[in-house]
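Okay, so here's the structure we're looking at.
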Amino acid sequence: MLEKPLNQAAGLLELAEPPAPKLMAVVSHGDEQSELPLLWRLCAALVDFGYAVTVLDGTTRESEANPGLEQYLENGYWTSDDKEDVPAWSIIPAGLGLRSLGSMADSQAQTLAYLHQLFQNEGIVLIYDSADCLVPLLYDTGISPLLVLTPLRSSLITSYRSLKHLLLNGRLEPTIVEMAHRQGALPPNKLGNVANSLTECAKNFLGYGLTALQIEAPFDDDRPCVDIQNLALRMLENTLQLSADCVSHPAQAGSLAHTSGQRVGSH
C-alpha cells in the first residue's frame, strides 16, 4: 500500500482527498427473485443520491473469462470504466475474493483496509452474500445488513437461519424488509405471516425484538419509489466508513454488544 507523502503539502493533500467509501451489505439467503430486484432499485436510489456504487456479488465466482475481486486483490488495484454509457453502478463477481478476505483471521481492520485500497474512489461498496460469509468480514462493525423476506414459507426458514447467525455469531443487527406483492399487499404497518413468524421466533429463541418494514414488490420497469428511497437513507445511517488504517464505526456500533449476552436459544 502506498504511503502518504511527508511534506509541507501533506495537509492540503488530505483536504483534497475524496470522501472515504461507505460499506454496506445485503444478505443472500436463497431467494434471488426477491432479493435482486430490491438490490438493483436500492443501488439506483443510492446513485440518485449522488453515490458511485460497486456491488461485490459473493454469489458469483470469479473466473478467467469473468474476473472479479480475487483478481483485483492479486493485482492490488481496480479501476472502473469511465464511459458515459455504462450503468451508474458496477457489479463485480466476488465469491472467491470475499472468502479469501474472510479467512484472514489476523486482522479484520487489514481486511477492510484492502477494500478501501481497491475502492477508495467509490462512494459505496455493497457486499451481496450469505450470512456465513458476511459474519467474518463485518463482525461487530455496526453495519445493518439488509435481510429480505417474501411470503413463501421457505423464506421463513432461510431468513431465520441467517438472522440467528448474524445476531449470535456476527453481533450484527439486520434491517428486515418484507416484500409484499401488490395484489396481496397488506394494509400499512401490518406484516404478513412470514414476518410475524420470524418476529416470534426471534423473540422466543433469540431474545431479540425484531422490527420489520414492508415494501411492495417492484415491477421490472419501476424506478425507486419513496419506500425504497427511505430504505436507502436508513441503510446509509448504518454503514461502515472504510479507511486505510482503521475501522470507523457508526454512532450505534456496539449497541448489540450490550445486549448479546442475554441472547440464548437452541433453534
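The values are calculated or read from the model by the stated rules, or taken from the named source; none is laboratory data. Since this is a predicted model, take the numbers as computed values, not measurements. Cβ coordinates were reconstructed from backbone atoms using ideal geometry, including for glycine residues, and neighbour counts include every protein chain displayed. Just the protein is used for accessible areas: all its heavy atoms, side chains included, with ligands, DNA and RNA removed. Shrake-Rupley method; radii C 1.70, N 1.55, O 1.52, S 1.80 Å.
Regarding Ala180, is this residue open to solvent by less than 40 Å² (accessible area, probe 1.4 Å) and at pLDDT below 80?
Details: open to solvent by less than 40 Å² (accessible area, probe 1.4 Å): yes; at pLDDT below 80: yes.
Yes, satisfied.
Working only within region 24-57, note down all residues that are part of a helix (DSSP H, G or I), out of contact with any helix residue (DSSP H, G or I) (no Cβ under 6 Å at 6 or more places or on another chain) and not small (Gly, Ala, Ser).
Step one: list which residues in region 24-57 are part of a helix (DSSP H, G or I), which gives 32-48.
From what is left, the residues that are out of contact with any helix residue (DSSP H, G or I) (no Cβ under 6 Å at 6 or more places or on another chain) are 32-40, 43-44, 47-48.
Within region 24-57, Glu32, Gln33, Glu35, Leu36, Pro37, Leu38, Leu39, Trp40, Cys43, Val47, Asp48 meet the criteria.
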- Message: Cβ-Cβ under 6 Å, sequence separation 6+ or interchain: first residue in region 118-138 and at negative phi, partner of a type in the set (Gly, Ala, Ser) and assigned to a strand (DSSP E or B). Which pairs?
- Response: Ile127/Ala25; Leu134/Ala25
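Evaluate region 107-123: report whether one residue or more is modelled with pLDDT of 95 or more, touching a strand residue (DSSP E or B) at 6+ places or on another chain (Cβ under 9 Å) and surrounded by 18 or more Cβ atoms within 10 Å (Cβ to Cβ).
As a first pass, look at region 107-123 and keep what is modelled with pLDDT of 95 or more: none.
No.
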- Which one is farthest from Trp89 (Cα to Cα) among residues in region 110-130 that are of a type outside the set (Gly, Ala, Ser) and in a loop (DSSP other than H, G, I, E, B)? Gln120
- Task: Confirm whether Ala232 is modelled with pLDDT of 85 or more and of a type outside the set (Val, Ile, Thr).
- Result: yes
- Residues in region 200-212: is at least one at pLDDT below 90 and closer than 26 Å to Ala44 by Cα? yes
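Output yes when any residue across region 184-196 is in a helix (DSSP H, G or I), open to solvent by 50 Å² or more (accessible area, probe 1.4 Å) and at pLDDT below 60, and no when none is. Can you show your working first?
Here is the first cut: in region 184-196, the ones in a helix (DSSP H, G or I) are 184, 193-196.
The next check asks that each one be open to solvent by 50 Å² or more (accessible area, probe 1.4 Å); those that pass are 184, 193, 196.
This time we only want the ones that are at pLDDT below 60, so: 184.
Yes, that holds for at least one residue.
Select from region 52-83 the residues that are at pLDDT below 85 and either loosely packed, with under 15 Cβ neighbours inside 10 Å or in contact with a His (Cβ under 8 Å, 6 or more places away or on another chain) (or both) and list them in ascending order.
Kept after step one, since they are at pLDDT below 85, are these residues of region 52-83: 75-83.
Of everything in region 52-83, those that are at pLDDT below 85 and either loosely packed, with under 15 Cβ neighbours inside 10 Å or in contact with a His (Cβ under 8 Å, 6 or more places away or on another chain) (or both) turn out to be Asn75, Gly76, Tyr77, Thr79, Ser80, Asp81, Asp82, Lys83.
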